[in-house]
1. Out of every Cα pair in the stretch 88-131, what percent are spaced more than 15 Å from each other?
2. Around residue 81, which amide H atoms from residues at least 5 apart in sequence, or from another chain, sit under 5 Å from its own amide H, with H modelled in the peptide plane?
3. If you take every residue apart from residue 93 with its C-beta less than 13 Å away from the C-beta of residue 93, what net charge results, scoring Lys and Arg +1 and Asp and Glu -1?
4. Run through the stretch 93-135 and list the GluC sites (Glu not before Pro) located in a DSSP loop whose Cβ has at most 13 other Cβ atoms within 10 Å.
5. For residue 46, what is the net charge nearby, where nearby means another residue's Cβ is under 11 Å from its Cβ and Lys, Arg count +1, Asp, Glu -1?
6. Please identify the chymotrypsin sites (Phe, Trp or Tyr not before Pro) of the stretch 25-119 that satisfy two criteria: DSSP loop assignment and at most 16 other Cβ atoms within 10 Å. Which are they?
Amino acid sequence: MKVNTLAARVMFAALAICLALSGAAFAADTDNTHASSQFQGAKANKGTVTHANKGGQSVLTLSDDFVVPDTPDPHWQLVDSNGTVYLLDKLKLKGDREKREIAIPAFVPNVAKVQIWCAWAEANLGEASFAAPVK
């Protein structure tokens, strides 16, 4: 059986292009991060939050300069693009530990704002917004 070398070269080139483009798309998806505006509020007014995809999950991470408010019960609270609010985990954990990173639950469609919410006083301590909703 005789192979048409021109056809083989064209198929090989097309395959190489497809592989290169799929690799670039995969790299772009795994390195896609979004930073919020600076936190604005009475107690949380320093730092930002970053959204990234890590290990197949959407994750929010507080910046190093963010200071967890010295209030009784600060929590992560997310607001989606429709204004629905989702109260999540505590920021302060036992033993002077802090939860500075959180995976966005599957039931949250997107995140337009991140709020630091005091569950004890039921007050918004500060919030940061994304230019466009993330997930």
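Only the coordinates and a few stated rules stand behind these numbers; no lab work does. Since the structure is predicted, the reported quantities are computational estimates derived from the model, not experimental observations. Here the Cβ positions follow ideal geometry from the backbone for every residue, glycine too, while neighbour counts run over all protein chains shown.
1. Numbers: 521 of 946 pairs.
Summing the P(r) of the stretch 88-131 above 15 Å gives 55 percent of all pairs.
2. Result for residue 81 returns 110, 112.
3. Details: positive: 90, 92, 94, 97, 99, 100; negative: 73, 89, 96, 98, 101.
Once all neighbours under 13 Å are counted, the net charge is +1.
4. Values: sites: 98, 101, 122, 127; in loops: 122.
Loop-located and lightly packed - 122.
5. Working: positive: 43; negative: 64, 65.
Once positives and negatives cancel, what remains is -1.
6. Details: sites: 26, 39, 66, 76, 86, 107, 117; in loops: 39, 66, 107.
Passing sites in the stretch 25-119 are 107.
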